[in-house]
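Below: one structure, written as structure tokens.
The values are calculated or read from the model by the stated rules, or taken from the named source; none is laboratory data. Small disclaimer: the values here were computed from a predicted structure and weren't measured. Neighbour counts run over all protein chains shown; Cβ positions are idealised from the backbone, glycine included. For accessibility, only protein heavy atoms count, side chains too; no ligands or nucleic acids. Shrake-Rupley method; radii C 1.70, N 1.55, O 1.52, S 1.80 Å.
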Amino acid sequence: MSNLDEYRPPETYITEWPDSATYDAAIIGAGPNGLITAAYLARAGLKVCVLERRYEIGGGLATEEILFPGHYSNPHAIYHMMVDYMPPLKDLGLDKHGLMFIQPNAQTAGVFSDGTSLLLCRMLEDTKDSIAKFSEKDSATFGRVMRTWRRIVEELVAPATYLPPVAPIDLIEAMERTETGQALLDVTEQSPVEVITDLFEHPKVQMLLLYATCMWGLDPEETGLGFMIPLLVDRTMNKAMCYGGSHRLAAALAREVVQNGGSVLDTAEVTKVRLADGHVVGIEMEDGRTIDAGVVLSSLDPHSTFLDLVGEEHLDTNLAQSVRNWEWEKWSFCTTHAVLGSKPHYAVDDPWVDEAFMTVVGFDDPDSLLSYWSGVRSGHLGDRVGGHATCETLYDPTLSKVPGHEVAFLQIHAPFDLDGGGWDARSAEVEGLILEQWRRAVPDLDVVMTHTETPLDIVRRLPNMRRGSIKHGDYNPLQMGTFRPNEECSSSRTPIEGLYVCGASTYPGGLIIGGPGYIAANAVADDMGLDKWWSTPDYIARYQAAYMEEPASA
Amino acid sequence: MDSRYDFVIVGGGHNGMTLAAYLSKSGYSVCVLESRLEIGGAQENAEPRPGFRIDPHASVLYGGAAPGFEQLELHKYGFRMSYWGQYGLAVTSDNRAFVGGNRWTFAEAAETLRPFSEKDADLWGSMMGFIFPHLKDILRSTFWTPPFPPELEVEQTDLPWVKTWTEASGGALPGNFFDASLVDVCDELFETGALKAVTGLGAWYSGAAPTWDGMAAQAFGSFLLASYGSGAPKGGMHTYAHAIARCALAHGARVLVNCPVEEIIVRDGRAAGVILADDASAAGKTIWADKAVVSAVDVQQTFQRLVGPRHVDASFLQKIKDISLKGGSLYVLHVVCKELPRYVGQAQELVEQVGYPGSVLYPCDDWDSVVAQMRDAYSRKTTPTGRASMTLPVLMPTTYDRSRAPDGYHVLSPIYIEVPPPEYHVGGPEAVNRQKEQITAEMLEMLRALAPNMTDSNIVDVYVNTPLDSEFRNAGLVGGNWYATRHCEDQWWTQRPLPELSRYRTPIDNLYLCNQTSFPGGLCLMAVPYNLMHILIDDGLVEPADWWYPSPWHITDAGTRIGAN
């Protein structure tokens, strides 16, 4: 036998990812936008590395076993509202990775305390039938308005989502050229409450449309973002669910990155964007590992990108000031996820409501909704809450691995700073309020297990959704369009050479629309003279021809 | 979508994905079909509470000696480690402790045994002294070599692990080492009850019960697997799955999740492709395999469900049905807490001296309690007894990987005990689930006996997966068994899972097996696919480039030995 003292163990047992590596571009954050940018650039021949802090990629595209064991939920994105338009889905051919969306007809239901209900469907005539239960006039108006609004979305708002922002003055000039453009300008200067109460007469119709318009953070009373109303109403009837969970979209994008020679690194928190002579030279990770790259794209929020990673000493005063003034969102969300012993059955007049993708509960008219939201904005939840519920296994049975179990949630708008002791003290109490409201609508709700994610939990899972800001920053006129995140950076280029921004805080915004990532990929490709292997979708090309190019001189 | 590939692999767990990486790197078109939402099988993590990452199944890197790390170059796809300082703190019921081992110097670990026994400390030190320089060979000869052709006449001295153990020890092994159980061997070698218990429990939790006859070398090898670069992949086991998957993807493999396979298509006795289930997330539901279909799901589901009785005879199906699932059905606890366990007595003094270990075994006193626990798990009792003496392995990932919990918090995950598999429980498959509250409370009580600070105010959350839960969430873990069929001599080497299947071939031409029900069984070793590669190469289906090297102990069907020592 040999003597143990003479034995010297090997320096390393297993070769690991190197301490330093060189790439053409490093992308910080493997959320939807970071991955979209990476996938386009990788296929364009760039050597890209995507770095993700979490152990799993996807950011808001998360599908997690929070109802452990055996049930999978989407704690963040679930309603995919732009799958009809998002260029990456077709350009990258993501269906070859098994990516599939379900877009049911029964889209958004409202259930009311008197046992009536309203159902917004993908098919316009189905929606009109439901509205007619309350008001023939509203039904007719809805049909007429939606014909215009659908054109607005198709011709203007959807294409603009995938092109760099245009200064307001130029935009107005372009819109004035067409009837559709003029119709959009007409709604733009009105608040959501004005638009909806002017058009519709029945309080229940008003409430549900107002909910759909403002649920993602538009201020109901504020003017200036009215151009989003047609989009949000149209999209609430065109939501899609990612089969197998929203994480599938992230996984499909990551497969594209890797199959085109790129790298995806998880459990890799970036702590620094390295600069030399004012130019980006790479990044550094929490464990000291580095990546050298002449191009760095950040999909994080402005505070993380500019103050934490770049450092204020490298910013000019304007940029630093605008980052510090960035406003987080006016409200966050609190969600009670539940395993149910049976599919929820709503006690209302129309059995079709049970099939709705989203069901709004707790509000009968705009006033009750507005007063709830106003409480939320001041940190307050009353003794009655309201929100929207979805039974995910209704369309995607694969999310429950336990026979007979359904997976569902009820989500409410909720303040980040909750009065009366804060979230950790009150989360059980709020869960009680949520379940109470759910049971009012579904009297025989068969709850097997629950898990409530508070706004604090949102930050704990995804720290750059600061203060529970799922879109990385408020939707208000000073933070949209060319102002998102500020005039210097809204095109995705920044004053720091080689640094680009591509997350939800960059034009056009969040909610898994893919705009920031797509626009950033185009910007980098243009700046680096890459061969763009993708072509502009027809609907975008038509918009460019009609609105973006100088009209032929008269 | 493409519907024709060279290879179709059913099951995207650790073994299926590793094979996909091997085959795609060899230049073949490969399609992997996984029924779950995510690849990786038991190589997974979950975040049931935001910011806290638990290990529902695999938790420790056992496969450090795998040729796959070099051959597949997993470092290029992000593989990183979090090494343990000390691994395996053994604590007795009277709160004395020693360190089972250490990544860099076993000498230090052996010294911690000295207060228990001068003789054992010297022996443990010298054993590790001869084992460690040969550890890679010992492990590779035991796990990373295909079983010999079952019909071959073989002397015991010709067996690969017999050769490497004998060479390493210089003939110092006990005479009965290759025929005995680990219990016998430890009884002959050691005088400290706790050292015997640590060795036996270490082997047991690594898939080899120390009471199994003829398995002492393999059981001790299982114990040693975790010593080769001991620790866990940085971020948890699922990042290891990511590295493997990204290797496969980078070489062009198609990896489809949410695609349960309904049937393996057999035509003229040959596997030709698969049919997907109706709810599969794919447009084309029939996928053809030009070269082979590889089943990376367990052998019972493969033949009972996917191939079906139409294509195999009744006597074969009976043998498939009789494969034993006993052993490895774990009742798993995950604890979220504010403070790490603070032990008492000499155990706490030792931790303060050498630092926190990656795992703790408590209590490990002697054989009697270990054997009693095995009897509880394997015999046909209505209710397992002996809770008072059950031993908890407690993994403490936050002591070596801070990414697993927010600052100021820790996770203890997994903490487990073995219980009867649902199929064999006299009380029926639901019996253990009905005892959930009671068993969890008893385990927490044991945890408090180890570390009194594990009080209700310290513990923030507790998650549990019973064997039945594990089977539901992960269909590959039949009976919640982590190692599939048990690793006893009846089901090992040329007997695993059956002699006629031991070389990964099946009665169906062009259908191969690549699951832990084949040799060398469970744990994330990348060994089943490595071993299967030899057979695919022998069968002329695969021709890898010069990055491939075979096991020096491999014997082809013609009896020719491949490679050289």
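Which residue, of A:Met480, A:Met449, is within 14 Å of chain B (Cβ to nearest Cβ) and not basic (Lys, Arg)? Give the derivation first.
Numbers: A:Met480 fails: within 14 Å of chain B (Cβ to nearest Cβ).
From the options A:Met480, A:Met449, the qualifying one is A:Met449.
Just checking, how many residues over segment A:93-112 are touching a helix residue (DSSP H, G or I) at 6+ places or on another chain (Cβ under 9 Å) and either on the phi > 0 side of the Ramachandran plot or within 14 Å of chain B (Cβ to nearest Cβ) (or both)?
First pass over segment A:93-112, keeping only residues touching a helix residue (DSSP H, G or I) at 6+ places or on another chain (Cβ under 9 Å): A:93-101, A:104-112.
With the extra rule that they be either on the phi > 0 side of the Ramachandran plot or within 14 Å of chain B (Cβ to nearest Cβ) (or both), the set shrinks to A:93-101.
Matching residues across segment A:93-112 total 9.
Quick check on segment B:264-272. Is at least one of its residues open to solvent by 60 Å² or more (accessible area, probe 1.4 Å), out of contact with any Pro (no Cβ under 7 Å at 6 or more places or on another chain) and closer than 23 Å to B:Thr517 by Cβ? Break it down into steps so the answer makes sense when it comes.
Our first condition is that a residue be open to solvent by 60 Å² or more (accessible area, probe 1.4 Å); within segment B:264-272, this holds for B:267-268, B:270.
Subset that is out of contact with any Pro (no Cβ under 7 Å at 6 or more places or on another chain): B:267-268, B:270.
Narrowing the set further to residues that are closer than 23 Å to B:Thr517 by Cβ leaves B:270.
Yes, because at least one residue in segment B:264-272 is open to solvent by 60 Å² or more (accessible area, probe 1.4 Å), out of contact with any Pro (no Cβ under 7 Å at 6 or more places or on another chain) and closer than 23 Å to B:Thr517 by Cβ.
What number goes with the only condition from (1) in contact with an Asp or Glu (Cβ under 7 Å, 6 or more places away or on another chain); (2) over 28 Å from A:Met123 (Cα atoms) that A:Lys343 does not pass?
Every listed condition holds for A:Lys343 apart from (2).
With the structure loaded, tell me whether B:Leu330 is open to solvent by less than 40 Å² (accessible area, probe 1.4 Å), within 14 Å of another protein chain (Cβ to nearest Cβ), within 30 Å of the chain's Cα centre (by Cα) and over 25 Å from A:Ile102 (Cα atoms) or whether it fails that test. Please lay out each step first, then the result.
Details: open to solvent by less than 40 Å² (accessible area, probe 1.4 Å): yes; within 14 Å of another protein chain (Cβ to nearest Cβ): yes; within 30 Å of the chain's Cα centre (by Cα): yes; over 25 Å from A:Ile102 (Cα atoms): yes.
Yes: the conditions hold for B:Leu330.
Of the residues that sit in segment B:302-327 and are open to solvent by less than 40 Å² (accessible area, probe 1.4 Å) and of a type in the set (S, T, N, Q), which one is nearest to B:Arg254 (Cα to Cα)?
Ranking the qualifying residues of segment B:302-327, first place goes to B:Thr302.
Checking the conditions here, which among A:Ala428, A:Ala347 is open to solvent by 10 Å² or more (accessible area, probe 1.4 Å), within 14 Å of chain B (Cβ to nearest Cβ) and at pLDDT 95 or above?
Working: A:Ala347 fails: within 14 Å of chain B (Cβ to nearest Cβ).
That would be A:Ala428, the only listed residue that is open to solvent by 10 Å² or more (accessible area, probe 1.4 Å), within 14 Å of chain B (Cβ to nearest Cβ) and at pLDDT 95 or above.
Looking at A:Ala21, A:Ala44, A:Ala62, A:Ala26, which one is over 22 Å from A:Thr336 (Cα atoms) and within 13 Å of chain B (Cβ to nearest Cβ)?
A:Ala21
Which numbered condition in (1) assigned to a strand (DSSP E or B); (2) away from chain B (no Cβ under 14 Å); (3) open to solvent by 10 Å² or more (accessible area, probe 1.4 Å) is the only one that A:Gln321 fails?
Evaluating A:Gln321 over (1) assigned to a strand (DSSP E or B); (2) away from chain B (no Cβ under 14 Å); (3) open to solvent by 10 Å² or more (accessible area, probe 1.4 Å) leaves (1) as the failure.
So, in segment B:118-176, exactly how many residues are facing chain A (nearest Cβ under 9 Å), farther than 18 Å from B:Ser230 by Cβ and part of a helix (DSSP H, G or I)?
3
Scan segment A:408-431 and tell me whether some residue there is more than 20 Å from A:Ile458 (Cβ to Cβ) and not in a strand (DSSP E or B).
Applying the first criterion (more than 20 Å from A:Ile458 (Cβ to Cβ)) to segment A:408-431 yields none.
There is no residue in segment A:408-431 that is more than 20 Å from A:Ile458 (Cβ to Cβ) and not in a strand (DSSP E or B).
Pull up segment B:468-511, narrow it to residues that are within 11 Å of another protein chain (Cβ to nearest Cβ) and touching a helix residue (DSSP H, G or I) at 6+ places or on another chain (Cβ under 6 Å), then point me to the one that is nearest to B:Glu44 (Cα to Cα). Talk me through it step by step, then tell me what you get.
Taking segment B:468-511 first, the residues within 11 Å of another protein chain (Cβ to nearest Cβ) are B:468-475, B:480.
Narrowing the set further to residues that are touching a helix residue (DSSP H, G or I) at 6+ places or on another chain (Cβ under 6 Å) leaves B:468, B:470-471, B:480.
Working: B:Leu468: 17, B:Ser470: 12, B:Glu471: 14, B:Gly480: 15 Å.
For segment B:468-511, the residue satisfying everything is B:Ser470.
Regarding segment A:292-313, can at least one residue be identified that is within 14 Å of another protein chain (Cβ to nearest Cβ), in contact (Cβ under 8 Å) with a residue 60 or more places away in the chain and assigned to a loop (DSSP other than H, G, I, E, B)?
Initially, segment A:292-313 is screened for residues within 14 Å of another protein chain (Cβ to nearest Cβ), giving none.
No, every residue in segment A:292-313 fails to be within 14 Å of another protein chain (Cβ to nearest Cβ), in contact (Cβ under 8 Å) with a residue 60 or more places away in the chain and assigned to a loop (DSSP other than H, G, I, E, B).
Working only within segment B:206-238, note down all residues that are open to solvent by less than 10 Å² (accessible area, probe 1.4 Å) and of a type in the set (Ser, Thr, Tyr).
B:Ser206, B:Ser222, B:Ser227, B:Ser230
Filter segment B:177-206 down to the residues that are farther than 22 Å from B:Tyr228 by Cα, within 22 Å of the chain's Cα centre (by Cα) and hydroxyl-bearing (Ser, Thr, Tyr) and list them by number.
Correct list: B:Ser181 only.
Here are A:Ala523, A:Ala441: which of them is away from chain B (no Cβ under 14 Å) and either without any contact (Cβ under 8 Å) to a residue 40 or more places away in the chain or buried (at least 22 other Cβ atoms within 10 Å of the Cβ) (or both)?
Values: A:Ala523 fails: either without any contact (Cβ under 8 Å) to a residue 40 or more places away in the chain or buried (at least 22 other Cβ atoms within 10 Å of the Cβ) (or both).
After applying the criteria, what remains is A:Ala441.
Away from chain A (no Cβ under 11 Å) and either in contact with a Leu (Cβ under 6 Å, 6 or more places away or on another chain) or within 23 Å of B:Gly521 (Cβ to Cβ) (or both): which single residue out of B:Cys247, B:Cys186 fits that description?
On the way: B:Cys247 fails: away from chain A (no Cβ under 11 Å).
B:Cys186 is the lone residue from the list that is away from chain A (no Cβ under 11 Å) and either in contact with a Leu (Cβ under 6 Å, 6 or more places away or on another chain) or within 23 Å of B:Gly521 (Cβ to Cβ) (or both).
Mind checking which residues of segment B:96-117 are out of contact with any Lys or Arg (no Cβ under 9 Å at 6 or more places or on another chain), open to solvent by less than 30 Å² (accessible area, probe 1.4 Å), modelled with pLDDT of 85 or more and not in a helix (DSSP H, G or I)?
B:Ala97, B:Val99, B:Thr112, B:Leu113, B:Ser117
Tell me which residues, restricted to segment B:47-56, are within 9 Å of chain A (Cβ to nearest Cβ), in contact (Cβ under 8 Å) with a residue 24 or more places away in the chain and assigned to a loop (DSSP other than H, G, I, E, B).
Matches in segment B:47-56: B:Gly51, B:Pro56.
Quick check: is even one residue across segment B:57-72 open to solvent by 20 Å² or more (accessible area, probe 1.4 Å) and within 8 Å of chain A (Cβ to nearest Cβ)?
Yes; the residues of segment B:57-72 include at least one that is open to solvent by 20 Å² or more (accessible area, probe 1.4 Å) and within 8 Å of chain A (Cβ to nearest Cβ).
Pull up segment B:153-205, narrow it to residues that are of a type in the set (Phe, Trp, Tyr) and in contact with a Pro (Cβ under 7 Å, 6 or more places away or on another chain), then point me to the one that is surrounded by the most Cβ atoms within 10 Å (Cβ to Cβ). So that I can check it myself, show each step before the final result.
Applying the first criterion (of a type in the set (Phe, Trp, Tyr)) to segment B:153-205 yields B:161, B:165, B:177-178, B:190, B:204-205.
If we keep only those that are in contact with a Pro (Cβ under 7 Å, 6 or more places away or on another chain) as well, we get B:204-205.
Values: B:Trp204: 26, B:Tyr205: 23.
Checked segment B:153-205; the qualifying residue surrounded by the most Cβ atoms within 10 Å (Cβ to Cβ) is B:Trp204.
Those residues that are farther than 30 Å from B:Glu423 by Cβ and in a helix (DSSP H, G or I), I need them from segment B:330-385; list them, please.
Across segment B:330-385, the qualifying residues are B:Gly345, B:Gln346, B:Ala347, B:Gln348, B:Glu349, B:Leu350, B:Val351, B:Glu352, B:Gln353, B:Val354.
With B:Ser93, B:Ser24 as the choices, which residue is of a type outside the set (Asp, Glu), in a loop (DSSP other than H, G, I, E, B) and either more than 13 Å from every other protein chain (Cβ to nearest Cβ) or open to solvent by less than 10 Å² (accessible area, probe 1.4 Å) (or both)?
Values: B:Ser24 fails: in a loop (DSSP other than H, G, I, E, B).
Matching residue, one of B:Ser93, B:Ser24: B:Ser93.
Name the single residue, out of those in segment B:429-449 being in contact with a helix residue (DSSP H, G or I) (Cβ under 8 Å, 6 or more places away or on another chain) and open to solvent by less than 20 Å² (accessible area, probe 1.4 Å), that is farthest from the other protein chains (Cβ to nearest Cβ).
If we take residues in segment B:429-449 being in contact with a helix residue (DSSP H, G or I) (Cβ under 8 Å, 6 or more places away or on another chain) and open to solvent by less than 20 Å² (accessible area, probe 1.4 Å), then B:Ala431 is farthest from the other protein chains (Cβ to nearest Cβ).
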